Amino acid sequence: LNLFYSNGLFKEMMRETVLFSLSVGFVAAVTAMRKKEHQKSCVKNAVSVVSGLGLIPHPEGGFFLETHRSGCEPMTTMGQTGYDCPPVSLVEEQGPSRSVRRPDGSALRNSLTSIYWMPTSSSPRLWLAVNLSDHVHYYHGGEPFDYILVEDGVLRRVTLGPDFSSGQRMQVAVKGGTWKAGLLRQGASDYCLIGEAVAPGFDFHDFSWISHNEVKKLGVSLAKVLLPYVKELAEGVAENIDGINEFYSDNDLQEKRKKNRL
């Protein structure tokens, strides 16, 4: 044993141990620093996202921008089907459910639309509504967003967000005909940036606000959950198609909405 301590083997082992400990500590420190810098660079506030992406106030709350509409230039049709496009860009659903909704009686819709949608701390709610088309929501950043979904009178909750360990999902699919509402979680960021694909493509004629009378028909327990998300109760108005078109105008009212939501 004395021989072991007296020769260079022990000293060499101690040196290697110290060097290893220092290298592990250095790597950990650099990793933590890089992670902190990455988080700092990724966290942007709602104002910068609105400015950077060119988002505008949305009728359902928060901000949005249409980024794709099959066969059409995004945003030019103001949330309605664009028929000035190649026929291959249009699809038709069988049955009267869509044709009776448009004044022209057409059941044709652009095959796919996609938007950015962003609730903010000052406009955190998605007002209760229903759409005939399927939706898929994609998490792009910010705080998690809690969806409330009602299908055939059954309520379920699902959270869009990056924390897999707590059951959050990076994608949330919603079947057409499902009542949908939601709320932004409060946290370090003041927004949640969401991608939303709709097929057949979004048309405001396929969209309906849910009234407080419709909610009350579901019973007391569901009404207690859903009534805070009824737009006509919270804001005193639920726009019709003409009122929704106004959201695409660059006017003083939109500027006021923008300031109130940031």
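The values are calculated or read from the model by the stated rules, or taken from the named source; none is laboratory data. Remember, it's a predicted structure, so these values are computed and weren't measured experimentally. Cβ placement follows ideal geometry from the backbone for every residue including glycine, while neighbour counts extend to all protein chains displayed. Accessible surface areas use protein heavy atoms only, side chains included; no ligands, DNA or RNA. Shrake-Rupley method; radii C 1.70, N 1.55, O 1.52, S 1.80 Å.
Residues 198, 237 ordered from highest to lowest accessible area at a 1.4 Å probe: 237, 198. Per-residue 3J(HN,Hα) values for the stretch 189-195, derived from phi via the Karplus relation 6.51 cos²θ - 1.76 cosθ + 1.60 with θ = phi - 60°, read 9, 9, 7, 9, 8, 10, x Hz in sequence order (x marks Gly and Pro). Throw me the Rg/Rh for the stretch 45-101, computed over C-alpha atoms with Kirkwood Rh, two decimals. That ratio is 1.09, to two decimals.
Its residue count N sets the reference 2.2 N^0.38 Å, and the alpha-carbon radius of gyration of the stretch 189-252 equals 1.40 times that reference. With all protein chains in place and ligands, DNA and RNA left out, the 1.4 Å accessible area ranks 101, 157, 261 as 157, 101, 261, largest first.
Counting only protein heavy atoms and using a 1.4 Å probe, the accessible area of residue 139 comes to about 40 Å². According to the calculation over all Cα-Cα pairs in the stretch 99-203, the P(r) per 10 Å bin from zero is 15, 44, 30, 9, 2 %.
Accessible surface ranking for 242, 134, 146, 1.4 angstrom probe, highest first: 242, 134, 146. Take the cross-link list 216/256; 180/259; 44/216; 44/217 and give me the ones stretching past 31 Å between alpha-carbons. Pairs exceeding 31 Å: 216/256; 44/216; 44/217.
Remark on residue 120: its backbone amide H falls under 5 Å from those of 62, a criterion applied only to residues 5 or more positions apart or on other chains, H modelled at 1.01 Å from N. Ordering 221-234, 171-184 by mean Cβ neighbour count within 10 Å, with the highest value first, yields 171-184, 221-234.
Rounded to the nearest Hz, the phi-derived 3J(HN,Hα) couplings of the stretch 55-70 under the Karplus curve 6.51 cos²θ - 1.76 cosθ + 1.60 (θ = phi - 60°) are 6, 10, x, 10, x, 7, x, x, 10, 7, 7, 6, 10, 7, 9, 3, where x marks glycine and proline. Couplings 3J(HN,Hα) of the stretch 44-54, computed from phi: 10, 8, 4, 4, 5, 5, 4, 5, x, 9, x Hz, in residue order, whole Hz [Karplus 6.51 cos²θ - 1.76 cosθ + 1.60, θ = phi - 60°; x for Gly and Pro].
Taking every alpha-carbon pair in the stretch 86-148 and binning the separations at 5 Å intervals from zero gives 3, 11, 19, 20, 15, 12, 11, 7, 1 percent.
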